[in-house]
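Chemist: Okay, handing you the structure first.
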Amino acid sequence: DQQVKQNSPSLSVQEGRISILNCDYTNSMFDYFLWYKKYPAEGPTFLISISSIKDKNEDGRFTVFLNKSAKHLSLHIVPSQPGDSAVYFCAASGRGGATNKLIFGTGTLLAVQP
Amino acid sequence: DTAVSQTPKYLVTQMGNDKSIKCEQNLGHDTMYWYKQDSKKFLKIMFSYNNKELIINETVPNRFSPKSPDKAHLNLHINSLELGDSAVYFCASGLGLLPDTQYFGPGTRLTVL
């Protein structure tokens, strides 16, 4: 039962354009969402997060949008750079179990073409 | 000046052996985690320790035993290794507050032959 889904296994974008990575979740108890970036042979690196009390959070070129009614979040990268090429994981956690357990999606491989 | 470090980075061993993976964090965090990423790239939590106390155990087989000698270390010991244990194991740490942002180590690729 995959509670966090990233339906696009890969995405290719031209340098300078916008990259949009999508994530859907099923558990309405989730109230904190994160995006991680992962290069090959390295651990996931925290990128940006959003609490369910917000619908947008911006950090430089990265913006995360949350649509609670649709149980959907997206990560926008503008402008995309070749160094952004990596696997991006969406993750969620909730207060239901009073733990900090992160539930991860399966990742989207972003390739930014020069 | 690595924040979360794991050793070894690669581990190749035979079925039936016992092995350990070590994890250390220098971030001053109270909570540490072990995650497993399998061949299908699913990244799933296995254990969580807060100040040396087990707080999450995700129905992992008893052959897996985490040990936290202090809050900066969380080691993972695996007995009687099986082929299905082959995966990348990631350690992570966080403040242990709700909600929490977790910081990951570089991973240990375990291959069981």
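Chemist: Pairs A:K38/B:K9; A:K71/B:K40; A:K38/B:K19; B:K41/B:K67; A:K5/A:K38: which are spaced more than 19 Å apart, C-alpha to C-alpha?
Modeler: On the way: A:K38/B:K9 16 Å; A:K71/B:K40 24 Å; A:K38/B:K19 26 Å; B:K41/B:K67 25 Å; A:K5/A:K38 17 Å.
From A:K38/B:K9; A:K71/B:K40; A:K38/B:K19; B:K41/B:K67; A:K5/A:K38, over 19 Å: A:K71/B:K40; A:K38/B:K19; B:K41/B:K67.
Chemist: Label point 7 Å out from B:T59 along Cα-to-Cβ: which residues of the range B:80-113 have amide N under 12 Å?
Modeler: Counting backbone N atoms under 12 Å from the label point, the list is empty.
Chemist: Determine, for B:Y10, B:Y49, B:Y35, the number of other Cβ atoms within 10 Å of each Cβ, and report the residues in order from fewest to most.
Modeler: Going from sparsest to densest Cβ surroundings: B:Y10, B:Y49, B:Y35.
Chemist: Another one. Taking Cα pairs under 8 Å and at least six residues apart, what relative contact order does chain A come out at, in percent? Each step should come with its number before you reach the end.
Modeler: Values: 278 pairs, mean separation 41.8, N = 114.
Relative contact order for chain A comes out at 37 percent.
Chemist: Compute the separation of the alpha-carbon centres of the range A:6-31 and the range B:42-113 and state it in Å as a whole number.
Modeler: Here the two parts' Cα centres lie 27 Å apart.
Bear in mind that the values in this text are calculations on the coordinates, not laboratory data. Since we're looking at a predicted model, the values are computed, not measured. Note that each Cβ is placed from the backbone with ideal geometry, even for glycine, and that neighbours are counted across all protein chains shown.
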